[in-house]
Amino acid sequence: MVAKKGPKQLHHFAHHNKGIACSHVAETNAHIWAKQVLEREKRLTIPPIVAEHGGHTEIVSPAKVYVFAHARLEKRLDTIVPDVVLFTEDGTQLIVEVRVTHACEEAKLTKLKNDGLSSIEIDLRRFRTSTDQTAVEEALLTSAPREWLMNAKQALFNTRLRDQLAAEAARKAKEAEDRAKRMAAAEADKARREHEAVARSADRLIRAVRENRRNLRRVPEQMEALLNEFYDVPWSQAPTVGFTVHPLAWQAEIVTAFLTYPNALDYQWADHISTGVALTKISHLLIPAFRDRISEQVRRKLRDELPGHYVPDEAVERFLDGLAGAGYLWPTRDGEFCVAQEYADRLSERERRRQASQRRCDDVKQRVAVVLARLPKVEQAEFDLENWFTTHLRSQNGEPRALCWLGDESFRNFERALKRVELLSEGGPVTEELLGLPLPGEVTRAQIRERDKLVRAASQRRSSLADAAQAELGEEADAWLSSASQDDEELTWIDQAGLDDLSYQRVRGALAAASAKRQAAIRARNEASSRRIALREAAGKIYDQDHLEVFLRASHPRLGKSPLDHCVDQRTLQECLALLPRIRRARLR
């Protein structure tokens, strides 16, 4: 026995046979049945023949069934003993090796290849212990795996494939060369045509530029307001081509489209600004020939003809970059912008102030219109409200429109003056500041109203004083009203009351004093009467009627007058009672 370590099967032991197959070793049923069926059937499915070269493969002949003339089993062939040798009618032989326990040995393989003997190997290992002869036979003839161990014509097939591949490669190389020549010619023709097209396009654009130069130096009159509002915009004066207007005109169009209210708020979040979008906005300001895309070749041609000039998309791109640098725009991604947040906030605040100013303007115009509507037609016929709104008012140091836009203390002073004018037109007092409005006639009417008002007020004050005097002084009222005033002896009290409200109040004070004095006198007379009655009653108890009258009316040396004249109050009553005789006074008690 010899230990075997071959590359195709597990390590095992084999009989020592000096390169000659062991014919005396017992065969498996599968091996025996396989050889028997080939001897009997003389047909076999041959594996496909595949030519190979340089990694390329080609099936020369697919797997198919071959029928043979006769078969020879395990007959020595020189130094090897094949399992079966099949012969065709013309004597071509095919060696068939049946693999049940182990693959074909290396020595046999070498012999087959060296002698150029066509041979195949059929793998029946899975039928090694099978007892199903029919299955074994069918597997051998058709379905079992099989491969070429050696194909005598393989080299021929490979050479033929090599030659085919070489011929195909040569053909393709020739086609590639021809194609390259055609492409080179086509490219040359294309380049020539493109060069001619570029020249034509550039010439057409240059002619269009020259035809439109007459409009490029005129700056639109309406630009002044926009330039003042956007004084810090980097307005570009770089030379451009392709526009039908002055550079400031198309730049102003872009500013209006993207940076004015409310457009700017739309481009703050939702929409984006790009060179393409901007060109769409100003397409009506472009020379028609410049509205389409300009190729780089045409651009170079234009630069040669008009050095230092920018075509529309270049000029617009530079202007948008300038707006971003000035803080008006914010880059979002390559070539696109949105309105900067800080500028949007400033614009919103400016719009809020503008709307407030506009409301003040509208309010002032409406109020002045109401004042004018109250005037007679003849007085307002030649007055122009809009012209007045932009006329400088010396007293206010500004025109109404400017004062409304400022909205500061100067506007509030103007509004107070306007309020006084409104009061004048409503029948109120005269005001000196008429704000340039056609109100002289209204002033005259107000003066007349004021005079009539003063007369009515004087009459009302005189009448009121007369009624009050009558109520407080009674029959003395007329005498007091016609008496001379203490403030001015040339005026009576009633005349002084008619002067004004202050004089009226002073006269009412004097009337109150006169009334108080009269009331005091009345109270004094009443008290004197009551005291004299008490004195008469007391004296009547002492004296008879004749002596009573003598006592009351005769002058008494202690009093310097008669008791009746002296007795005016409680004190003087007591003094008069003290004059009565003592004894008699005691009776009185």
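The values are calculated or read from the model by the stated rules, or taken from the named source; none is laboratory data. Only a predicted model underlies this, so the values are computations on that prediction, with no experimental measurement involved. Every residue, glycine as well, gets a Cβ built from its backbone with ideal geometry; the counts of neighbours run over all protein chains shown. In case anyone asks, the SASA skips ligands and DNA or RNA and just uses the protein heavy atoms, side chains included. Shrake-Rupley method; radii C 1.70, N 1.55, O 1.52, S 1.80 Å.
Going through segment 256-301 one residue at a time, which ones are in contact (Cβ under 8 Å) with a residue 40 or more places away in the chain, closer than 26 Å to Arg352 by Cβ and among the hydrophobic types (A, V, I, L, M, F, W, C)?
Matches in segment 256-301: Phe258, Leu259, Ala264, Leu265, Trp269, Ile273.
Per-residue answers, yes or no, for (1) outside any helix (DSSP H, G or I); (2) in contact (Cβ under 8 Å) with a residue 12 or more places away in the chain:
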residue: Trp480; (1), (2): no, yes
residue: Gln486; (1), (2): yes, yes
residue: Leu499; (1), (2): yes, yes
residue: Val507; (1), (2): no, yes
residue: Leu511; (1), (2): no, yes
residue: Lys517; (1), (2): no, no
residue: Arg536; (1), (2): no, yes
residue: Ala539; (1), (2): no, yes
residue: Val550; (1), (2): no, no
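Specify which of the listed residues (Glu432, Glu490, Glu426, Glu475) is open to solvent by 90 Å² or more (accessible area, probe 1.4 Å), assigned by the TED database to the domain that holds Arg360 and without any contact (Cβ under 8 Å) to a residue 40 or more places away in the chain.
Step by step, each of Glu432, Glu490, Glu426, Glu475 is checked, and only Glu432 is open to solvent by 90 Å² or more (accessible area, probe 1.4 Å), assigned by the TED database to the domain that holds Arg360 and without any contact (Cβ under 8 Å) to a residue 40 or more places away in the chain.
Restricted to segment 138-182, and to residues that are of a type in the set (S, T, N, Q) and over 26 Å from Glu105 (Cα atoms), which residue is least open to solvent (accessible area, probe 1.4 Å)?
This residue is Thr159.
Only one of these is part of a helix (DSSP H, G or I), touching a residue at least 40 places away in the same chain (Cβ under 8 Å), open to solvent by 40 Å² or more (accessible area, probe 1.4 Å) and of a type in the set (Gly, Ala, Ser): Ala524, Ala528. Name it.
Checking each option against the conditions leaves just Ala524.
Listed residues Ala344, Ala356, Ala289; which is within 30 Å of Phe389 (Cβ to Cβ) and open to solvent by less than 30 Å² (accessible area, probe 1.4 Å)?
Ala356
Which one of these does Gly54 not meet: (1) of a type outside the set (Val, Ile, Thr); (2) modelled with pLDDT of 90 or more; (3) open to solvent by 30 Å² or more (accessible area, probe 1.4 Å)?
Answer for Gly54: the failing condition is (2).
Tally the residues that are assigned to a helix (DSSP H, G or I) and open to solvent by less than 70 Å² (accessible area, probe 1.4 Å), restricting the search to segment 371-412.
Within segment 371-412, residues that are assigned to a helix (DSSP H, G or I) and open to solvent by less than 70 Å² (accessible area, probe 1.4 Å) number 15.
So, in segment 292-308, how many residues would count as being in a helix (DSSP H, G or I) and open to solvent by 50 Å² or more (accessible area, probe 1.4 Å)?
Total meeting the criteria: 7.
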